Amino acid sequence: MSSELALEIVKVTKHLADLQALVAKALTQSIKAFEDLDVELASEIISVSDQVEELHHFIENFVFTTVSKYQPTGIDIRRLITYYHTSGCLRNIGRYAGKISKIVEFCEDLDHFKELESLPYLAELAISAIDTSMRAVFDEDLSEINEIEKLEAQSDNEAAEMFQEIAEYLSRRRDISELAMYYVIVGRYYERAADQAISIAEYAIYTITDERKQLGLAYEKESESMLD
């Protein structure tokens, strides 16, 4: 690798770290806004989500320019492909946070009908999974891949249990259908954020091994058997 290309790769990893920090902020604030039904905080998150979008496109252009200029091969091109893909995953997560914030605005004049336990836990799982997968990308270390799969499986199980709990509430109360629907949608966004972490981890594996591997299949079967 040329010293110029090495410098460009260092630059793009710094931009990715900034993007990850923005996404973590958006996710953390989104669950706080939904817990408190805080419209003012929700509007701030939408602004952060917009920043995520802008930084993603900057990284996207940066990667394309670097590939065109230096025409890297081997692990260097795999790194840049992974950085591009990772930026897209983080952009998607930022969009989920923005959509949750929009839902908070729809909840005006509504009150929570239950203690929120699953949703904060799903947000926590998503953030942990993203942190772990990003370490795999930055450090090019696959030692935590199993942990990422576990976190994603926990997210799937928690979401399924929450959906079942909400269905039971709806069987008893008809006055909560609107907010119950929002619970399901918000829970699904956090679950999808954890799914994006799996996708990032799969590309970390690609960077290091030059092989494609689909993660989470063993845990998916385990989750299905637990729900039967």
* Asked: Is it the case that some residue within region 83-106 is part of a helix (DSSP H, G or I), over 30 Å from His57 (Cα atoms) and not acidic (Asp, Glu)?
  -> no
* Structure fact -> Going through region 56-69 in order, the residues found to be of a type outside the set (Ser, Thr, Tyr) and over 22 Å from Ile205 (Cα atoms) are His57, Phe58, Asn61, Phe62, Lys69
* Set Val63, Val67, Val104: member being over 18 Å from the mean Cα position of the chain (by Cα), surrounded by 16 or more Cβ atoms within 10 Å (Cβ to Cβ) and free of Cβ contacts under 8 Å to residues at least 24 places away in the same chain -> Val67
* To do: Please work out if Tyr121 is within 28 Å of Gly216 (Cβ to Cβ), surrounded by fewer than 20 Cβ atoms within 10 Å (Cβ to Cβ) and hydroxyl-bearing (Ser, Thr, Tyr).
  => yes
* Asked: Applying the selection to region 74-94, what residues are under 20 Å from Glu8 (Cα atoms) and small (Gly, Ala, Ser)?
  -> Gly74, Ser87, Gly88
* Criterion: out of contact with any Asp or Glu (no Cβ under 7 Å at 6 or more places or on another chain) and at pLDDT 95 or above - qualifying residue of Ile185, Ile198, Ile176 -> Ile185
* Structure fact -> Filter region 124-138 for residues that are more than 13 Å from Leu27 (Cβ to Cβ) and polar (S, T, N, Q); the one that is surrounded by the fewest Cβ atoms within 10 Å (Cβ to Cβ) is Thr132
* Asked: Could you say whether any residue in region 139-154 is under 13 Å from Asp195 (Cα atoms), among the small types (Gly, Ala, Ser), under 13 Å from the mean Cα position of the chain (by Cα) and buried (at least 18 other Cβ atoms within 10 Å of the Cβ)?
  -> no
* Asked: What number of residues within region 201-228 satisfy the criterion of being buried (at least 18 other Cβ atoms within 10 Å of the Cβ) and modelled with pLDDT of 95 or more?
  -> 6
* Structure fact -> Of (1) part of a helix (DSSP H, G or I); (2) over 19 Å from Ile200 (Cα atoms), Pro72 fails just (1)
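The values are calculated or read from the model by the stated rules, or taken from the named source; none is laboratory data. The model shown is predicted, which means the values in this text are computed figures rather than measured ones. Every residue, glycine as well, gets a Cβ built from its backbone with ideal geometry; the counts of neighbours run over all protein chains shown.
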